[in-house]
Amino acid sequence: MILTALNRKLVRDLLGMKGQVLAIALVMASGIATFILSAATLDSLEGTMNAYYDAHRFADVFARLKRAPRSVAERLGEIPGVSEAATRVVVDVNLDVEGLAEPGSGRLISVPEHREPRVNGFYLRAGRFIEPGRRGEVLVNEAFAKAHGLHPGDTVRAIINGRRDTLRIVGIALSPEYVYQIRPGDILPDDKRFGVFWMSERELAPAYDMEGAFNDVSLVLMPGANEAEVIRRLDDLLAPYGGLGAFGRADHPSHQFVLNELRELRGMTVIAPTIFLLVAAFLLNVVLTRLITTQREQIAALKAFGYSNGQVGRHYLLMVLVIAVIGAALGTGLGAWMGRGLAEMYTRFFHFPILEFSLHPRVVVLAVGISVGSGVLGTLSAVRTAGRLPPAEAMRPEPPADFRPTILERLGLQRLVSPAARTILRELERRPIKAAISVFGIAMAAAILVVGSFMKDAIDCVLELQFGRAQRQALTVTLNEPGHGRALREMEHLSGVLAAEPFRAIPARLRSGHRHRLVAVTALREDAQLFRIMDLNGRVIAPEGDGLYLSAKLGELLGVRAGDRVTMEVLEGERPVAEIEVARLIDDFAGLSAYMRLGAAHRLMREEGRVSGAYLAVDQAQISRLYTDLKNRPAVAGVAIKTATIESFNAIIAENLLRIRLSNIIFATIIAFGVVYNSARISLAERSRELATLRVIGFTRGEVSAILLGELAVLTLLAVPLGLALGYTLSAAVILSVDTELFRIPLVVDRSTYGFAAVVVFVAALISGLIVRRRIDHLDLIEVLKSRA
Amino acid sequence: MATTTSPVSSPDEHRICVFQARGITKVYHVGEVDVHALRGVDLDLFEGEFLVLLGPSGSGKSTLLNILGGLDVPTSGTVRYQDHDLTRYDEAALTRYRREHVGFVFQFYNLIPSLTARENVALVTDISRDPMDPVEALRLVGLGERLDHFPSQLSGGEQQRVAIARAVAKRPQVLLCDEPTGALDVHTGIVVLEAIERVNRELGTATAVITHNAVIASIADRVVSLSDGRIASERRNESKMPARRLEW
């Protein structure tokens, strides 16, 4: 930029209103920061994920089955579209880890010795591969190793097919199958109580009578292969061997969670920056319009000397560009800094070998473009006004503003309000659009606070419903194989168990027309007290009759409503297929659940009294003994502990929510401050002459301030309720965006959240008011009156 | 009262006419009222001439000056600048005309408060084809010592002299001054008039000064009085009085 006299004016004008420039640049920076944060994190996460999947050959189609001979494996590769098929033995075991009172769950996966498997490979972080012929050698996944401080050379005890065995850790690994590592059926990771182990096939298979056989299939597809058709053929092929239903990558639990996160980030790149940049554009518009009014005579002089309309317009546009670039620069720095923090946070959720935050220049260019674009859009009309201002007209002072009596006065109610209040009302009524925009800006700040905080209310509500009222059991014990009533009675009689309630989990494919979904149908006793079906409103639903009770989301995915019929293809035992009525859809908060009455399940399965496990209420005083008992029971495949789930929830989600909330508070404060401060400064600039005149004729500083700040107070008072309502609406929009197969969140906003949002906005307004008040106190009366308006 | 008087008297016939305005009218629409600012004015301005336009407030003198300077366009009538018809100029051409030929001085100086004296002058020299050095222009008005002062650090007279330096720095053919001493006391007003006088004399710039102060008329070559949008009278000063001898 050549430093012409006009550009010097630009620099000095900007310096002269640096408070306002900074306030606007900060609002812009907030928008750009959230954009950079989400766009760059999205880039990083997606890039890392794809590279990781490619490098370690993450499969496209997955299936589990009971047992199939190796001869079947060859036929897998013959399915059209399959480029590579891999079979394994995968078993879930009980773990006994030092320092962990309760039993943990382990998943043992068979691998070839000496090398990484060709499909679903792993990244070896430390140690070495398993060596042939060495008994008990395993690789362990990094998250579990970290949670327990395990290193190569350490050991873990597991109950392998009823026998206590020692697993010797030789290496620490990460796998694309467990980027998000959760126990089957859980929705939150619990790295302490769930570990994945890779073990030599030669050692694992015999222990489970799987020599020359497999119970897990992964397929890599050729490019352009028809996945649905491959899944159909795979299901047909595996059905005689107890196939539990094949599914594609999109339904893979780990991948599904990563995708869910990517989707949320993608949403974030649009919603939050849009709000911030709208507010910034509005502020720029207000400030520039005011500046141009103030500089009417300067503009006239410039034109009188021969500056063209374009030159004058560009001069003001350049001002906007400078602010936008400052905002973009601040925002990019802030966004990159926050992005690094977010990437670090993700490494606690998502286990990648490396997750590096990378800021692609394309994202930065886009951010600058967005910020400049929004700035220019916001100020185009003001700039055009400056360009078009006829010089001879601009030479004359601005005509006195056109005031009218307000509605109140026209109604003859003027005696009810003081002259100061009347001035405020007339000012607001004279320029309703300006007032409305200010109100909207302040309201946005309140709305952002509500949106940023309500998630905690909603999740608290879910926790209370889910763990306080719906799931009242302390432990959920799952058996290796569905067992008879005896197993339940045994559990009831373990010391420390106060009550036990059976459940039957039936793997099944629900089908309606061409839509289908793999689920585990949970069958419960109709009088169940420990584990109750409950909707988001806290209504308890007792299963009756023979019908299915489905998550509303599952109903939506299958396209069925209460009263419709679905085909239930059971994937276990004799694999019965039945047409079953949907008794009811339940608005629940997570996963795709299906429930039925235990008696109905037994009839469907043509079995008597079999259970998959039990919910236990326990005496906490005897819990450690109970844990030891459970650890040593070969029939027990897993124990889920409710308090552990809540703990893990609090450790991860609660902390993240707190961070998000904090950044929202900062951003909302910036917006509230930006809007209120700018409105106040502009009113002061516009009315300094009027206010000085009032001071000259004897008004006190307090009285004069009251007129100006009263206007702001009225705007803020109008804005806050609107903002709270807007926040509620935006929260509803957010809820729609997280309405996925994995999570649904109820629209719950506590009064304390509204209160908090209102208080933050009021405080921000108050501080801006005080800053402006100081300026009113220092108003130079003589100077203001001497110069022309 | 005659609507027009013969504008050209014999001694001017051999001189080059800078401006030739004929039948100028200007009507403003203010709200629902039509204001007739000019009601048919004929006026000439010659090269190197010092013209004073006298008249009370509302007589139309500022409107006339704005039209001559290309800041405004007449409702009817023609204005010729040298060989050009200003009334046919579009916005861009008027801008070019102002940039290349006209220097303006306003009653309220209209300096850019964020720029120093030197920079205010540079504002004009930046966009002119053959400007003076801003320092030279400021020396011409006696402000060689206050180059880097901001308007707020200058007295009213000094600010007005910066405005004059700014107007003449581009070496304009005409200098148009709208009440240049209107906001000043006698002493500083005289200093400002001396500066204008000096520019007119040394650079030969045709100069038109608007004022409602009849005393100032004695420093002009010619005095035109405006009243109610018309030229009321016109006279030629046989001997010009130097500005420093003025008193009011």
Among residues of region A:179-208, those that are in contact (Cβ under 8 Å) with a residue 24 or more places away in the chain, more than 22 Å from A:Thr643 (Cβ to Cβ) and surrounded by fewer than 18 Cβ atoms within 10 Å (Cβ to Cβ), counted: 1
Flag if A:Pro482 is at pLDDT below 90, touching a strand residue (DSSP E or B) at 6+ places or on another chain (Cβ under 7 Å) and outside any loop (DSSP other than H, G, I, E, B): yes
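Residue-wise test of (1) surrounded by fewer than 20 Cβ atoms within 10 Å (Cβ to Cβ); (2) modelled with pLDDT of 90 or more; (3) more than 30 Å from B:Phe108 (Cα to Cα); (4) away from chain B (no Cβ under 14 Å).
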{"residue": "A:Phe305", "(1), (2), (3), (4)": "no, no, no, no"}
{"residue": "A:Gly310", "(1), (2), (3), (4)": "yes, no, no, no"}
{"residue": "A:Ala324", "(1), (2), (3), (4)": "no, yes, yes, yes"}
{"residue": "A:Leu330", "(1), (2), (3), (4)": "yes, yes, yes, yes"}
{"residue": "A:Phe349", "(1), (2), (3), (4)": "yes, no, yes, yes"}
{"residue": "A:Pro419", "(1), (2), (3), (4)": "yes, no, yes, yes"}
Residue that is nearest to the other protein chains (Cβ to nearest Cβ), among those in region B:63-113 that are assigned to a helix (DSSP H, G or I) and under 30 Å from B:His149 (Cβ atoms): B:Arg99
B:Arg88 among the charged types (D, E, K, R) and under 22 Å from B:Ile190 (Cβ atoms): no
Members of region A:225-238 that are under 32 Å from the mean Cα position of the chain (by Cα) and touching a residue at least 24 places away in the same chain (Cβ under 8 Å): A:Asn226, A:Glu227, A:Ile231
Count - residues of region A:485-508 that are closer than 27 Å to A:Pro576 by Cα and modelled with pLDDT under 85: 4
Some residue of region A:244-256 being assigned by TED's automatic domain parsing to the domain that holds A:Ile109, basic (Lys, Arg) and over 20 Å from A:Phe58 (Cβ atoms): no
Candidate set from region A:506-524 (those that are of a type in the set (D, E, K, R) and in contact with a Gly (Cβ under 6 Å, 6 or more places away or on another chain)); member that is surrounded by the fewest Cβ atoms within 10 Å (Cβ to Cβ): A:Arg515
Answer from A:Asp739, A:Asp780, A:Asp750 - the residue that is modelled with pLDDT of 80 or more and of a type in the set (Asp, Glu): A:Asp750
Qualifying residue in region A:609-623 (condition: among the polar types (S, T, N, Q) and either without any contact (Cβ under 8 Å) to a residue 40 or more places away in the chain or assigned to a helix (DSSP H, G or I) (or both)): yes
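This table checks each residue for (1) surrounded by 22 or more Cβ atoms within 10 Å (Cβ to Cβ); (2) of a type in the set (Val, Ile, Thr); (3) facing chain A (nearest Cβ under 8 Å).
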site: B:Leu115; (1), (2), (3): yes, no, yes
site: B:Ala122; (1), (2), (3): yes, no, yes
site: B:Pro131; (1), (2), (3): no, no, no
site: B:Pro134; (1), (2), (3): yes, no, no
site: B:Leu138; (1), (2), (3): yes, no, no
site: B:Val141; (1), (2), (3): yes, yes, no
Exclusive hit being more than 14 Å from chain A (Cβ to nearest Cβ) and in contact with a Gly (Cβ under 6 Å, 6 or more places away or on another chain), set B:Gly55, B:Gly23, B:Gly60: B:Gly23
A:Val450 of a type outside the set (D, E, K, R) and touching a Pro at 6+ places or on another chain (Cβ under 7 Å): no
Qualifying position, being within 30 Å of A:Ala328 (Cβ to Cβ), aliphatic (A, V, I, L, M) and within 14 Å of another protein chain (Cβ to nearest Cβ), among A:Leu42, A:Leu26, A:Leu10, A:Leu37: A:Leu10
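The values are calculated or read from the model by the stated rules, or taken from the named source; none is laboratory data. Computed from a predicted model, the values in this text were never measured in an experiment. Every residue, glycine among them, receives a Cβ derived from its backbone with ideal geometry; neighbour counts consider all protein chains shown.
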